[in-house]
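Below is one structure, written out as structure tokens, with a few remarks after it.
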Amino acid sequence: MDWKTLFLSPEGRIGRQSFWVGWLILLGVNVVASWIPFVGTLIILASIYASVCIHSKRLHDMGQTGWWQVLPWVLGPVLVFGAAISVGVMPAIAALTNGEPEVSALTALVGLFVSIFIAFAIWLAFTLWVGCSLGQPRENKYGPPPINPTAVTV
């Protein structure tokens with residue numbers, strides 16, 4: 001497998017080592033891109049597609065559909081967004097019902113931090129599951145197993 005196929009095609013299968021190499025490269029690109037105003041944001045957004053491609057191929061190697069990666073992409077942000085909304089809504093409700101808005105705000109803020117932690121844990125658990133699970137040794141509906149599951153050529 002070459003670099004272009006690794007990062008730009010969601011088709012086929014890759015082994016664990018190729019996944020981790022691709023994942024670490026994307027992590028490095030995102031860290032460096034975060035230091036560059038505006039253009040870095042565009043690079044990070046483009047790297048989302050590359051991440052979807054490597055995760056899809058790895059899930060295919062495990063015999064799973066690439067759609068499994070929707071869970072951490074949707075569940076985490078929904079959880080954090082809901083908790084962030086509660087930071088503004090809970091104190092307002094407490095003020096309208098003669099409660100203590102300060103306590104409600106503090107409780108909602110703690111809930112936001114817990115939600116961020118849970119979202120990160122979901123993402124981490126998913127990445128470890130995809131990156132550490134064994135692939136299927138035989139051909140599956142996504143194609144033949146990687147010829148050399150540890151190789152990515154230049």
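The values are calculated or read from the model by the stated rules, or taken from the named source; none is laboratory data. Treat the numbers as computed from the prediction; the structure is a model and nothing was measured. With ideal geometry, Cβ positions are generated from the backbone for all residues, glycine too; neighbour counts draw on all protein chains shown. Please note that ligands, DNA and RNA were not included when accessible areas were found on the heavy atoms of the full protein model with its side chains. Shrake-Rupley method; radii C 1.70, N 1.55, O 1.52, S 1.80 Å.
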Practice problem: Determine if the stretch 43-50 includes at least one residue that is in contact with a strand residue (DSSP E or B) (Cβ under 9 Å, 6 or more places away or on another chain) and in contact (Cβ under 8 Å) with a residue 40 or more places away in the chain. | Solution: no
Quiz prompt | Thr41 being open to solvent by 30 Å² or more (accessible area, probe 1.4 Å), farther than 28 Å from Cys132 by Cβ and touching a Ser or Thr at 6+ places or on another chain (Cβ under 9 Å) | solution = yes
Quiz item: Which of (1) surrounded by 15 or more Cβ atoms within 10 Å (Cβ to Cβ); (2) of a type in the set (A, V, I, L, M, F, W, C); (3) farther than 30 Å from Ser56 by Cβ does Val130 not meet, given it meets every other one?
Solution: (3)
Quiz item: Is it the case that the stretch 12-19 has a residue that's part of a helix (DSSP H, G or I), in contact (Cβ under 8 Å) with a residue 40 or more places away in the chain and among the hydroxyl-bearing types (Ser, Thr, Tyr)?
Solution: yes
Exercise. Would you check which residues across the stretch 84-115 are open to solvent by less than 80 Å² (accessible area, probe 1.4 Å) and under 30 Å from Ile54 (Cα atoms) and list them?
Key: Val114, Ser115
Self-check item: Residues that are closer than 11 Å to Ser56 by Cβ and either touching a strand residue (DSSP E or B) at 6+ places or on another chain (Cβ under 7 Å) or open to solvent by 50 Å² or more (accessible area, probe 1.4 Å) (or both), drawn from the stretch 6-23
Solution: Glu11, Gly12, Arg13
Quiz item: Quick one: would you say Gln64 is assigned to a loop (DSSP other than H, G, I, E, B) and crowded, with 18+ Cβ neighbours inside 10 Å?
Solution: yes
Quiz item: With respect to the numbered conditions (1) out of contact with any helix residue (DSSP H, G or I) (no Cβ under 8 Å at 6 or more places or on another chain); (2) surrounded by fewer than 18 Cβ atoms within 10 Å (Cβ to Cβ); (3) not aromatic (Phe, Trp, Tyr), which one is the sole condition not fulfilled by Ser47?
Solution: (1)
Exercise. Restrict the check to the stretch 76-83 and report whether at least one residue is within 22 Å of Val52 (Cα to Cα), open to solvent by 80 Å² or more (accessible area, probe 1.4 Å) and in a loop (DSSP other than H, G, I, E, B).
Key: no
